[in-house]
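Q: First, the structure itself, so that you have it in front of you.
The values are calculated or read from the model by the stated rules, or taken from the named source; none is laboratory data. Worth saying up front: this structure is predicted, and the values here are computed from it rather than measured. When we count neighbours, we look across all protein chains shown, and the Cβ atoms used for this are built from the backbone with ideal geometry, even at glycine. For the accessible areas, the whole protein counts, side chains as well, though only heavy atoms, and no ligand, DNA or RNA atoms are used. Shrake-Rupley method; radii C 1.70, N 1.55, O 1.52, S 1.80 Å.
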Amino acid sequence: MAKVKSLADLKRMKDALQSKMDLREKSNDPEGLVQIKVAMATCGIASGAKEVMEFLIEETAKRGIRTVVTQTGCMGYCYAEPTIEVHLPGKEPIVFGDVNIKKADEIIEKYIKNGELVDGIIPVNYKTLD
Amino acid sequence: MEKYKMHILICGGTGCRASASEAIQNNLQEAIKAKGLDDEVQVVMTGCFGFCEKGPIVKILPDNTFYVEVKPEDAEELIEEHIVKGRKVMRLLYVDPENKEVISDSKHMGFYKKQIRIALRNCGFINPENLDEYIARDGYAALGKCLAEMTPQTVIDEIKESGLRGRGGGGFPTGLKWEFAAKNIADQKYVVCNADEGDPGAFMDRSILEGDPHSVLEAMAICAYTMGADKGLIYIRAEYPLAITRLKVAIKQAREYGLLGNDILGSGFNFDVEMRYGAGAFVCGEETALIHSMEGLRGEPTVKPPFPAESGYNGKPTNVNNVETFANIPVIINKGASWFNKIGSEKSKGTKVFALAGKINNVGLIEVPMGTTLREVIYEIGGGIKDGKKFKAVQTGGPSGGCLTEKHLDTPIDFDNLLAVGSMMGSGGMIVMDEDDCMVSMAKFYLEFTVEESCGKCTPCRVGNKRLHEILDKITLGNGTKEDLDLLRNLSNVIKDTSLCGLGQTSPNPVLSTLDNFYDEYLAHIVDHRCPAGQCKALMQYVIDPELCVGCTLCARNCPVDCISGERKEAHLIDTSKCIKCGACMEKCKFNAISIQ
């Protein structure tokens, strides 16, 4: 391992290493962040939930939005897979159906960034227990 | 290239490792491999989460799910259900003992709600054997800041302003201690970390060293910078093998990165750390005894002054601080003294780590702001007394402290308040006792410890504590007199006044505080020959109720000393002069005919 030769060196190192710990830091304070749950049951995965999840993780990071993306089980909307639930801080969670990459992009740009609702909302008919 | 979407944290503290957390880690890793998820899920062994009661702990991120009492054979199910299918494994979640609610996020648990973690900030969060994770959390940034932007005096001023006081028990202002050591001019100076944690029931220093060893190394380097030392020594007891291993790994990594050694961060400052092992003598937690032990001499204290800051290790100026004190330093430098001194009470700033033990629901390690009340600690964080019993007392400060009772429950805990009510902070051990604990026996237990641990240098401590122990023993055997109580008090005061070091000066505290708070219980032993808690064997008698006894002979057949007589189908009788009070008869009796009187 290369030696850390100066304070600037150490800071550079920290910045590089921080991303590896980011997931842990964020889960320490999920309330203040955008939380996205991707339904990843068989039906979801078959209709592309995995790709959508990866897209969400990468793009929110790239666009500088502090987000926790988690996977969850079947939400029950098999007709509208992949489905995702977006929980903005201080707001009720909203479920979007038929989320492909294009839709995911729209959700990030419109809903997550500006709070503008987009098509594809599924009325929530369940309650999540903590 | 791996892109981890999930992290699984497993507690790697001594307690959880003893319950097979290493096997859990292996099984989890195998199960992840079998599913082909090794690039997506990272398994990390961390330091102590503190919730030892329900260990081993496994925490899954990012959804912050907190699994308790996990067994190695649960690993596959956790991966299959939680990781692959995204369903929580309900049977392994924590259930609130009061309202029976299942809690999956540790932040909603009563145990964690009131805690503020400064000294334990990285415990249960980072892999202690991975320096990168420490650096990612601002590790060594405080040292870098000191070396690049601050003079030794401004660092000392910052620590003074923070109000940090020694966490080893004495509560001496840390900044002041550093200043003394800095003012003495010498060709060689030393920084010593006191990791000789000896209070029964205290394990915060061990947990910090196991969970976040670099925080201590970094703080030692900062201290060395302020006083002009280039050598650090960690005095640790050899009975802490895991802490020693993790420290060795940390020292090696810090040297490889150039964070220990010569010209640290290009500043021209040199500092390196070595380990010294102790044999586990309680008295070696006293700084002069500790220094003698490191020099290869007998671990005996000497008169202060000269203080170690003037003449310590090898006669050179030495600064000794406790592990927990050091662990606070990097945070104070990074966040500033004014951030730190807003936490806590008026004269005790910051937080304190306590080790909860005894008859309490949530045994474990907690960190709370100074000034938190005993009630909050015992009932809200500790979850109350085990099995719904009644709270009787809590011993703070280990064998040097005193017991506090019901009436002290609303006392805010800090250095001065505890002293005012006849106990002390000590290193932060808290042993909770319920109605079944006999306070005379408790005082005797601690005296037994101090008799064993007295180094023997001062007569009052060497002989006096032994006499105290004998008198207490006599009382628990039912042979005490009222004069003994006066003698106990007088002798205790003499020992306190005439001993050289903290051990003798505080060892009679458990006797004095139980005399103050539980005088009636002493009287019951002496006058009524009765132990109200039913713990002193000599004062108990097993009796068979002739009304209830059916003469099944089961008790007589199980008595190891054949002291139960009686014919079949007739009431039996216990010969109390021969009875050894083993309780075997009572355990065997199917008719509840045997009781203790």
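Q: Can you pull out the buried accessible area for chains A and B, both sides counted, probe 1.4 Å, rounded to the nearest 100 Å²? Walk me through the numbers on the way to the answer.
A: Details: alone 8570 and 24840 Å², together 30270 Å².
Heavy-atom accessible area buried at this interface is about 3100 Å².
Q: Continuing with this model, one more query. Send over the semi-axes of chain B's equivalent ellipsoid, whole angstrom and largest first, taken as the square roots of 5 times the C-alpha gyration tensor eigenvalues.
A: In descending order, the three semi-axes are 45, 34, 20 Å.
Q: Sticking with this one: Would you kindly derive the ³J(HN,Hα) couplings of the stretch B:317-323 from the backbone phi angles with the Karplus curve 6.51 cos²θ - 1.76 cosθ + 1.60 (θ = phi - 60°), listing them in order in whole Hz, with x for Gly and Pro?
A: Listing the rounded values in order: x, 9, 10, 10, 10, 7, 3 Hz.
Q: Determine, at each q value in 0.08, 0.09, 0.10 (inverse angstroms), the log₁₀ of I(q)/I(0) that the Debye formula gives when each Cα of the protein assembly as shown is one equal point scatterer.
A: For the protein assembly as shown, the Cα-only Debye profile gives -0.75, -0.90, -1.05.
Q: Follow-up. Roughly how many Å² is the accessible area per residue of chain A, as a whole number, for a 1.4 Å probe?
A: Working: 6930 Å² over 130 residues.
Here the residues of chain A average 53 Å² of exposed surface.
Q: On average, how many beta carbons from a partner chain sit within 10 Å of the beta carbon of a residue in B:85-93?
A: Values: counts 7, 12, 4, 2, 0, 0, 0, 0, 0.
Average per residue, whole number: 3.
Q: Each residue of the stretch B:135-146 in order: what ³J(HN,Hα) in whole Hz does its phi give by Karplus 6.51 cos²θ - 1.76 cosθ + 1.60, θ = phi - 60°, with x for Gly and Pro?
A: Karplus values, whole Hz, x for Gly and Pro: 5, 4, 9, 6, x, 6, 5, 5, 4, x, 5, 4.
Q: On full extension of the chain, what length is gained from B:Asp387 through B:Asp528, given 0.36 nm per residue of separation minus the C-alpha to C-alpha distance? Each step should come with its number before you reach the end.
A: On the way: separation 141, 0.36 × 141 = 50.76 nm, distance 2.89 nm.
Once the chain is fully extended between B:Asp387 and B:Asp528, it gains 47.9 nm.
Q: Now for a separate question. Give a quick list of trypsin sites (Lys or Arg not before Pro) in the stretch B:74-134 that DSSP marks as loop, anything other than H, G, I, E or B, with at most 10 other Cβ atoms within 10 Å.
A: Answer in residue order: B:Lys100.
Q: Could I ask something else about it? With charges only on Cβ, +1 for K and R and -1 for D and E, what is the dipole size of chain B about its Cα centre, in debye, rounded to 20? Don't jump to the answer; show the numbers that get you there.
A: On the way: 67 positive and 81 negative charges, 62 e Å.
Roughly 300 debye, rounded to the nearest 20.
Q: Taking all protein chains together and a probe of 1.4 Å, list B:Ile381, B:Ile580 from the most accessible to the least accessible. Please list the in-between numbers first.
A: Numbers: B:Ile381 0, B:Ile580 90 Å².
Ranked from most to least accessible, the order is B:Ile580, B:Ile381.
Q: Hey, what number do you get for chain B at 222 nm if only DSSP H runs of n ≥ 4 count, each worth -39500 (n - 2.57), divided across all residues, to the nearest 500?
A: Working: 22 runs with 205 residues, N = 597.
Only helices count here, giving -10000 deg cm²/dmol.
Q: What relative contact order, as a whole-number percentage, does chain B give when Cα pairs under 8 Å and 6 or more residues apart are counted? Please report the intermediate quantities before stating the final value.
A: On the way: 1261 pairs, mean separation 67.8, N = 597.
Computed value for chain B: 11 percent relative contact order.
Q: At 1.4 Å probe size, with the rest of the protein present, what percent of the exposed accessible area of chain B is carbon and sulfur atoms? Intermediate values should be presented prior to the final figure.
A: Details: 11580 of 23330 Å².
That fraction is 50 percent.
Q: At 1.4 Å probe size, put B:Cys589, B:Cys403 in order of accessible surface, largest to smallest. All intermediate terms of the calculation are to be shown ahead of the outcome.
A: Values: B:Cys589 30, B:Cys403 0 Å².
Reading off the accessible areas and sorting them downward yields B:Cys589, B:Cys403.
Q: Report, to the nearest whole %, how much of the accessible area of the stretch A:29-122 belongs to carbon and sulfur atoms, 1.4 Å probe, protein only. Before the final figure, lay out the partial values.
A: Values: 2230 of 4330 Å².
Reported share for carbon and sulfur atoms: 52 percent.
Q: Another one. Quick one: which residues, 5+ away or cross-chain, put their amide H under 5 Å from the amide H of B:Arg237? H built at 1.01 Å from N.
A: Amide H neighbours of B:Arg237, under 5 Å, 5+ apart: B:Glu197, B:Gly278.
Q: For the charge dipole of chain B, defined by +1 on Lys and Arg C-beta atoms and -1 on Asp and Glu C-beta atoms about the Cα centroid, which residue among B:Leu554, B:Ile333, B:Met275 has the Cα displaced farthest towards the positive pole?
A: B:Leu554
Q: Shifting gears a bit: Enumerate the lysines that A:Lys102 could reach by cross-link, defined here as Cα to Cα under 19 Å, with residues fewer than 8 away along the same chain left out.
A: Cross-link targets: A:Lys37, A:Lys50, A:Lys62, A:Lys110, A:Lys113.
Q: Can you list residues whose amide H is under 5 Å from B:Gly358's amide H, if they're 5+ apart or on another chain and H is modeled 1.01 Å from N?
A: So B:Gly358 has HN proximity to B:Val432.
Q: Across peptide B:5-15, how many C-beta atoms of other chains are within 10 Å of each residue C-beta, on average? Walk me through the intermediate numbers first.
A: Values: counts 7, 4, 5, 0, 2, 0, 0, 0, 0, 0, 0.
If you average over the peptide's residues, the count of other-chain Cβ atoms is 2.
Q: Run down the lysines and flag those whose C-alpha is under 16 Å from the C-alpha of B:Lys183, throwing out any fewer than 8 positions away in its chain.
A: B:Lys160, B:Lys316
Q: Which of the pairs A:Lys26/B:Lys114; B:Lys33/B:Lys100; B:Lys5/B:Lys33 have their Cα atoms more than 25 Å apart in this structure?
A: B:Lys33/B:Lys100
Q: Using amide H atoms built in the peptide plane, which far-off residues or other-chain residues are under 5 Å from B:Cys549 H to H?
A: The answer is none.
Q: Beyond 24 Å between alpha-carbons counts as too far, so tell me which of B:Lys474/B:Lys581; A:Lys11/B:Lys189; B:Lys113/B:Lys248 fall in that bin. Each step should come with its number before you reach the end.
A: Working: B:Lys474/B:Lys581 18 Å; A:Lys11/B:Lys189 30 Å; B:Lys113/B:Lys248 34 Å.
Exceeds cut-off: A:Lys11/B:Lys189; B:Lys113/B:Lys248.
Q: Ranking request for peptides B:43-51, B:14-22: highest mean number of other beta-carbon atoms within 10 Å first, then the rest in descending order. Working shown, then result.
A: Working: B:43-51: 25.9, B:14-22: 18.8.
Those peptides, ordered most packed to least, come out B:43-51, B:14-22.
Q: Right, another one. Per residue, how large is the accessible surface of chain B? Use a 1.4 angstrom probe and give square angstrom.
A: Working: 23330 Å² over 597 residues.
The answer is 39 Å² per residue.
Q: Tell me the accessible surface of B:Val102 in square angstrom (1.4 angstrom probe, heavy atoms of protein chains only), to the nearest ten.
A: Accessible area of B:Val102: about 50 Å².
Q: Let me ask you something else. On alpha-carbon atoms, Rg over Rh for the stretch B:51-115 using Kirkwood Rh? Write down the numbers at each step before the final one.
A: Details: Rg = 11.6 Å, Rh = 12.2 Å.
Ratio of gyration radius to Kirkwood radius: 0.96.
Q: Just to be sure I follow the rule: in the stretch B:351-434, considering lysines 8 or more places apart or on different chains, how many pairs have Cα atoms under 16 Å apart?
A: Details: B:Lys359/B:Lys386; B:Lys359/B:Lys389; B:Lys359/B:Lys390; B:Lys359/B:Lys392; B:Lys390/B:Lys407; B:Lys392/B:Lys407.
Here the count comes out as 6.
Q: I'd like to compare B:508-514, B:276-282: which one has the highest average count of other Cβ atoms within 10 Å, and what's the full order after that?
A: On the way: B:508-514: 25.9, B:276-282: 18.1.
Going by the mean number of other Cβ atoms within 10 Å, highest first, we get B:508-514, B:276-282.
Q: Across the stretch B:22-38, in residue order, what do the Karplus-derived ³J(HN,Hα) couplings come to in whole Hz, using 6.51 cos²θ - 1.76 cosθ + 1.60 with θ = phi - 60° and x for Gly and Pro?
A: Result, ordered by residue: 5, 5, 4, 4, 4, 5, 4, 4, 5, 5, 5, 4, 4, 8, x, 10, 4 Hz.
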